[in-house]
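Enquirer: First the structure, which I've put down as structure tokens, then a few questions once you've had a look.
What follows draws every value from the coordinates through simple rules; no lab data is involved. Note that the structure is a prediction, hence the values are computed from the model and not measured. FYI the Cβ positions are ideal-geometry reconstructions off the backbone, even for glycines, and counts take in every protein chain you see.
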Amino acid sequence: MWYNNILETIGNTPLVKLNAVTKGLKGTVLAKIETTNPGNSIKDRMAIQMIEDAETAGLLKPGGTIIEGTSGNTGMGLAMAAVVKGYKCIFTTTDKQSKEKVDALRAFGAEVIVCPTNVEPEDPRSYYSVSSRLQKEVPNAWKANQYDNPSNAKAHYQQTGPEIWEQTDGKITHLVVGVGTGGTISGTAKYLREKNPNIKVWGIDTYGSVFKKYKETGIFDKNEIYPYITEGIGEDFLPENVDFNVIDLFEKVTDKDAALMTRDLARKEGIFAGNSAGAAVAGLMQLGESLQPDDVVVVIFHDHGSRYMGKMYNEDWLRERGFLEDEKLTAKTILKK
Ligand code: PMP
């Protein structure tokens with residue numbers, strides 16, 4: 001038995017019980033490990049969906065160029081699909097993103113333009129603005145626009161939601177997801193809520209992002225916006241793919257807690273996952289007191305730890321940010337003394 005191309009291997013990711021980091025919580029916590037997708041992230045699912053819907057709609061034509069502002073994972077999915085389907089790719093990203101992520105896109109032959117992080121989305125230098133300009137200037141170009149493209153949430157409505165429902169035998173009671181474009185949480189939650197409207201949906205947000213305040217007050221508060229370290233989640237605007245109606249609440253997690261929990265996933269569970277997985281589990285721990293013994297919580301682990309080797313998996317990086325201040329001495333530092 002074989003697959004006809006790498007894209008056919010996307011999806012059907014495993015659900016794995018967490019045993020150590022969630023100690024003290026009642027209920028069963030299951031991680032949906034999206035790193036087994038061929039691009040090592042959940043974004044493979046929506047990348048291929050966006051491309052195929054654009055092909056069907058006649059927006060993306062043979063030999064065309066795919067343009068996107070992407071923090072890496074969506075780019076990886078798009079770049080991989082572009083190789084198989086014969087498209088070119090130009091991505092804009094920010095200087096906050098891991099070098100590993102940018103290098104991985106270039107490995108697939110994509111062109112990557114790195115833009116400054118700390119400018120307004122409307123600023124002509126922002127990665128949103130640069131990708132919009134390229135869309136107009138590059139011939140035969142199509143901008144995927146993951147923030148507002150409904151194919152993003154649709155991929156999760158059609159795949160991620162049904163997979164979780166079947167894997168838990170319909171027993172899922174809580175869905176916990178880090179929110180960026182909103183595609184993962186909105187599509188997955190919509191499907192699961194249609195199956196069981198009582199399922200609780202908790203969105204994980206960052207300090208420096210607008211989602212939580214907007215959900216609680218209906219106000220888009222610019223004062224909520226400031227730079228933060230956590231990658232992949234939180235935004236400084238409201239993407240159309242965030243369906244606030246299917247999300248019960250947002251919980252904010254600090255950069256430090258997200259980073260240390262990400263590291264703990266490797267050290268205590270043997271799961272090498274990315275920063276937003278750590279953020280989601282840390283957020284669950286903040287909210288977890290309300291859980292009951294029969295609850296079945298599914299937490300999405302969006303991407304792979306290899307993309308964060310220079311960050312939370314690097315002791316110097318953690319130390320420089322003061323994230324290890326209250327940690328006990330490690331063997332290495334004891335030996336140095
Ligand atoms: N985690 C990571 C690592 C991501 O790249 C993203 C996408 N920005 C998310 C979480 C959030 O997923 P979504 O865009 O579907 O809300």
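Enquirer: Out of the residues in segment 245-282 that are away from the ligand (no atom under 13 Å from the Cβ) and over 22 Å from Leu318 (Cβ atoms), state the one that is surrounded by the most Cβ atoms within 10 Å (Cβ to Cβ).
Expert: Checking each candidate, the answer is Glu251.
Enquirer: Now a separate question. Given the conditions (1) touching a residue at least 40 places away in the same chain (Cβ under 8 Å); (2) buried (at least 20 other Cβ atoms within 10 Å of the Cβ), and given that Val84 satisfies all but one, which numbered condition is not satisfied?
Expert: Against the list (1) touching a residue at least 40 places away in the same chain (Cβ under 8 Å); (2) buried (at least 20 other Cβ atoms within 10 Å of the Cβ), Val84 comes up short only on (2).
Enquirer: Can you tell me which residues in segment 195-204 are in contact with a His (Cβ under 8 Å, 6 or more places away or on another chain) and part of a strand (DSSP E or B)? Spell out how you get there, then give the answer.
Expert: Going residue by residue through segment 195-204, those that are in contact with a His (Cβ under 8 Å, 6 or more places away or on another chain) are 199-202.
The answer is Lys200, Val201, Trp202.
Enquirer: Would it be correct to say that Ile10 is away from the ligand (no atom under 13 Å from the Cβ) and within 24 Å of Ser186 (Cβ to Cβ)?
Expert: yes
Enquirer: Oh, and also: Answer with yes or no whether Leu25 is closer than 27 Å to Ser306 by Cβ, touching a residue at least 12 places away in the same chain (Cβ under 8 Å) and among the hydrophobic types (A, V, I, L, M, F, W, C). Walk me through how you get there before you give the answer.
Expert: Numbers: closer than 27 Å to Ser306 by Cβ: no; touching a residue at least 12 places away in the same chain (Cβ under 8 Å): yes; among the hydrophobic types (A, V, I, L, M, F, W, C): yes.
No; evaluated as a whole, the condition is false for this residue.
Enquirer: Another one. Being surrounded by 15 or more Cβ atoms within 10 Å (Cβ to Cβ) and in contact with a Cys (Cβ under 9 Å, 6 or more places away or on another chain) narrows it down to one residue among Ala110, Ala141, Ala153; which is it?
Expert: On the way: Ala141 fails: in contact with a Cys (Cβ under 9 Å, 6 or more places away or on another chain); Ala153 fails: in contact with a Cys (Cβ under 9 Å, 6 or more places away or on another chain).
Sole residue among the options that is surrounded by 15 or more Cβ atoms within 10 Å (Cβ to Cβ) and in contact with a Cys (Cβ under 9 Å, 6 or more places away or on another chain): Ala110.
Enquirer: Which residue is farthest from the ligand (Cβ to nearest atom), if the candidates are limited to segment 39-85 and must be under 12 Å from Asn149 (Cβ atoms) and in contact with an Asp or Glu (Cβ under 7 Å, 6 or more places away or on another chain)?
Expert: Step by step, filter segment 39-85, then rank; the result is Leu78.
Enquirer: Now for a separate question. Taking Gly24 as meeting all but one of (1) assigned to a strand (DSSP E or B); (2) over 21 Å from the mean Cα position of the chain (by Cα), write down the number of the exception.
Expert: (1)
Enquirer: For a quick check of your reading: which helices (runs of 4 or more DSSP H) sit entirely within segment 227-337 and have at least 2 residues that are in contact (Cβ under 8 Å) with a residue 12 or more places away in the chain?
Expert: On the way: elements: 255-264, 275-287, 315-320, 331-336.
Ranges flagged: 255-264, 275-287, 315-320.
Enquirer: Next question, about the same structure. May I ask you to list the residues in segment 283-312 that are under 29 Å from Gly39 (Cα atoms), of a type in the set (Gly, Ala, Ser) and surrounded by fewer than 23 Cβ atoms within 10 Å (Cβ to Cβ)?
Expert: In the first step, residues of segment 283-312 are kept if they are under 29 Å from Gly39 (Cα atoms); the result is 283-285, 296-312.
Checking the rest, the ones that are also of a type in the set (Gly, Ala, Ser) come to 283, 305-306, 310.
Listed by number, the residues that qualify are Ser306, Gly310.
Enquirer: Please pick out the residue among Ile199, Ile233 that is away from the ligand (no atom under 13 Å from the Cβ), under 28 Å from Gln159 (Cα atoms) and either among the aliphatic types (A, V, I, L, M) or crowded, with 22+ Cβ neighbours inside 10 Å (or both). Break it down stepwise before answering.
Expert: On the way: Ile233 fails: away from the ligand (no atom under 13 Å from the Cβ).
Ile199 is the lone residue from the list that is away from the ligand (no atom under 13 Å from the Cβ), under 28 Å from Gln159 (Cα atoms) and either among the aliphatic types (A, V, I, L, M) or crowded, with 22+ Cβ neighbours inside 10 Å (or both).
Enquirer: How many residues are among the basic types (Lys, Arg) and more than 21 Å from the chain's Cα centre (by Cα) if we restrict to segment 80-118?
Expert: 2
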